[in-house]
């Protein structure tokens, strides 16, 4: 991993991988706190890299130092959750796959709360010396297509990684918006840059509630994927319709959401947005049907970036809202209670029950 001034996080991260890994490669890019000293207590191999505004360069430098058969890459503000550590090591020793995904859980909001998190499969584990490297100066990712060609699906190992880097306190303390936008806009100047760059710019603006700018850049990203004759990834549509709802632009979101669902019919978040749009359009019976389908779908599909609850307690809450709008109070109470049976402290359901 690459680190800088991570003394608050690094010990938890390294403690979580005990018994999984055989060597720890730390590339420090200029820490002035106790990060390096803490890493030394875990017998990490520590290297220093002069920061050049490229996360990929720093990560690729770290790959050159690794001697193991497999590489697991992490951030310092992450923790690994794995029950059977020996089984995974034995499994990898016999694996014919060159790369694996893990279950990444991205926390959002003010504090660590499993009910405020996004879930997705993320490629984090790969064979060493197979030609894998990191690309893009920021929001770096692996060159999977370059090494393996077009890959329809990468299998997921039963490893969870909790990422805390987008909790409000972390974003503010590290001034992530300023740093990320500066690097991303430098990438944007490059000829033939990836459409992912516009997506990441849109994401940064969205996090800062600058929704007009977010909508502009996510549309550019979608257009550039189409221009390259590639299907825009599902999370672009998630961001687009989340942004439109945040702007209150129901007319802009309907009926376009239907087209997005046709592209990704198994993406529960898109169905959930459709339900919210129908609710706001006061089409309560139609909205109810959509929220019921969300509950049937669930929110365990790691193919897509999924908000925990849109196939569970949040969908039940919105069912309650529909019933309440229809003046079906008993049905509304049952739906709110079902939401709370799944997440007892879910504030919107608690407040809704208190009011009726």
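The numbers here are math on the coordinates, done by the rules we state, and not lab data. Bear in mind that the values here come from a model prediction, so they are computed numbers and not experimental data. As a convention, Cβ positions derive from the backbone with ideal geometry for all residues, glycine included, and neighbour counts pool all protein chains shown.
If you run the Gaussian network model on the chain, springs between alpha carbon atoms under 10 Å, then out of 318, 346, 211 the most flexible one is 346. When Cα extents along the principal axes in Å is calculated for this entry, the matching label among (i) 64, 45, 42; (ii) 90, 60, 40; (iii) 69, 49, 40 is (i). Expressed in units of 2.2 N^0.38 Å, where N is the residue count, the Cα radius of gyration of the range 2-167 is 1.02.
Relative to the longest principal axis of the C-alpha atoms of the chain, give the angle of the C-alpha long axis of helix 85-94, reported between 0 and 90° and rounded to the nearest 10°. Value to nearest ten degrees: 70. Overall, the anisotropy analysis places the range 252-356 in the oblate class: the square-rooted eigenvalues a ≥ b ≥ c of its C-alpha gyration tensor yield a/c not less than 1.5, with a/b not exceeding b/c.
Here the range 1-67 and the range 96-111 have alpha carbon centers that stand 19 Å from each other.
Taking the DSSP beta bridges with both ends in the chain, the antiparallel portion is around 60 percent. The convex hull drawn around the Cα atoms of the range 4-44, when projected onto a plane and averaged over every direction, covers 2.6 nm².
Fully extending the segment from residue 328 to residue 53 would add 93.3 nm, taking 0.36 nm per residue of separation and subtracting the current Cα-Cα distance.
Projected label points at residue 145 and residue 229, each 7 Å from Cα along the beta carbon direction, are separated by 1.2 nanometres. Once C-alpha pairs closer than 8 Å and six or more residues apart are averaged by separation and normalised to the residue number of the range 2-167, the relative contact order reads 26 percent. Each Cα pair under 8 Å and six or more residues apart adds its sequence gap; the mean of these over the residue count of the chain is a relative contact order of 12 percent.
Considering helices alone, the calculated mean residue ellipticity of the chain at 222 nm is -14500 deg cm²/dmol, with DSSP H runs of length four and up weighted by -39500 (n - 2.57) and normalised per residue. Modelled spin labels at residue 20 and residue 250, positioned 7 Å past Cα toward Cβ, are 4.5 nm from each other.
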